[in-house]
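Read the structure below first, then the notes.
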Amino acid sequence: MSFNIQPILDNEKVILHPLQEKEFEDLYAVASDSKIWEQHPNKDRWKRDVFQIFFNGAIQSKGAFKIVNKATGSTIGSTRFYDYNEQENSIFIGYTFYATSCWGKGINHLVKTMMLNYIFQFVSKVYFHIGANNIRSQIAIGRIGAEKIGEQEVHYFGEASKLNFVYELSNHKWEEQTNITLKKSSDSAGLNSALSNVVTPSVQFSNRFYEHLKTLYESK
């Protein structure tokens, strides 16, 4: 492998640092919340001895990260690159979890976007193992354009194997998805600019009226 799968990655909200052995307590303070693991394949990872095994596997993978909130400096979760396949030129992203305080705030999308933008400089495909009962993660991974391609019994480090769904995202598909997102952002900026020309700041209008204007604008 001629590229680094543990770089320091950062964006406006989070920093991904290579996970270190001395950071067990810091990460376990997040992972000890049982709610995090309710839909994960191993629901006991909130227990100290079980999480220790998970953490050891993360360290040995040499592709794991500690996710840090940039504003507060606090640890909010972990993720990793793993199982690089040189022949297929592919890699996996997974073993991701976040503090419940970060749920629903777009953090996962920011982290995945940052990781994908980096790793697609070197590989042509990225795969994801998602627990068969992890509906939350299945929905999230679909939102970035990944598609389910199969099912697989995954043998976790020091844990019993569990059924996972396998999702695939190609470099080409990611570029398409990124372009769509950029276009939507551009269109939204254009819409806001157009509305500012016909609606003064003092005018209040309903979401329904805004959506109507948006439809008219986008149909031009």
Quiz item: For the stretch 1-93, which chymotrypsin sites (Phe, Trp or Tyr not before Pro) are both in a DSSP coil and crowded by at most 16 other Cβ atoms within 10 Å?
Solution: PHE3
Quiz item: Mind listing the phi-derived Karplus ³J(HN,Hα) values for the stretch 99-104, rounded to whole Hz, using 6.51, -1.76 and 1.60 with θ = phi - 60°, and x for any glycine or proline?
Solution: 4, 4, 5, 9, 5, x
Quiz item: Where Lys and Arg each count +1 and Asp and Glu each count -1, what net charge lies around TRP103 among other residues with Cβ under 15 Å from its Cβ?
Solution: +4
Quiz prompt | Karplus 3J(HN,Hα) series, Hz, for the stretch 74-89 with 6.51 cos²θ - 1.76 cosθ + 1.60 (x for Gly, Pro) | solution = 8, 6, 10, x, 8, 7, 7, 8, 7, 6, 5, 10, 5, 5, 8, 6
Practice problem: Filter the cross-link list LYS22/LYS125; LYS70/LYS112; LYS22/LYS70; LYS22/LYS173 down to pairs whose alpha-carbon distance in this structure exceeds 27 Å. | Solution: LYS22/LYS125; LYS22/LYS173
Quiz item: Tell me, what HN-Hα J-couplings in whole Hz come from the Karplus equation 6.51 cos²θ - 1.76 cosθ + 1.60 at θ = phi - 60° for each residue of the stretch 160-168, using x for Gly and Pro?
Solution: 5, 5, 9, 6, 10, 8, 9, 10, 10
Practice problem: Starting from the stretch 93-171, pick out the trypsin sites (Lys or Arg not before Pro) whose DSSP state is loop and whose Cβ has at most 15 other Cβ atoms within 10 Å. | Solution: LYS105
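Please report the net charge: other residues with Cβ closer than 11 Å to the Cβ of THR75, K and R +1, D and E -1.
Residues close to THR75 contribute a combined charge of -2.
Can you check what the net charge comes to around SER61, using other residues whose Cβ is under 12 Å from the Cβ of SER61 (Lys, Arg +1; Asp, Glu -1)?
On the way: positive: LYS62, ARG80; negative: ASP83.
For residues surrounding SER61, the net value is +1.
Computed from the coordinates by the stated procedures, all read-outs in this text should not be read as laboratory data. Values in this document were obtained by computation on a predicted structure and should not be read as measured data. Neighbour counts run over all protein chains shown; Cβ positions are idealised from the backbone, glycine included.
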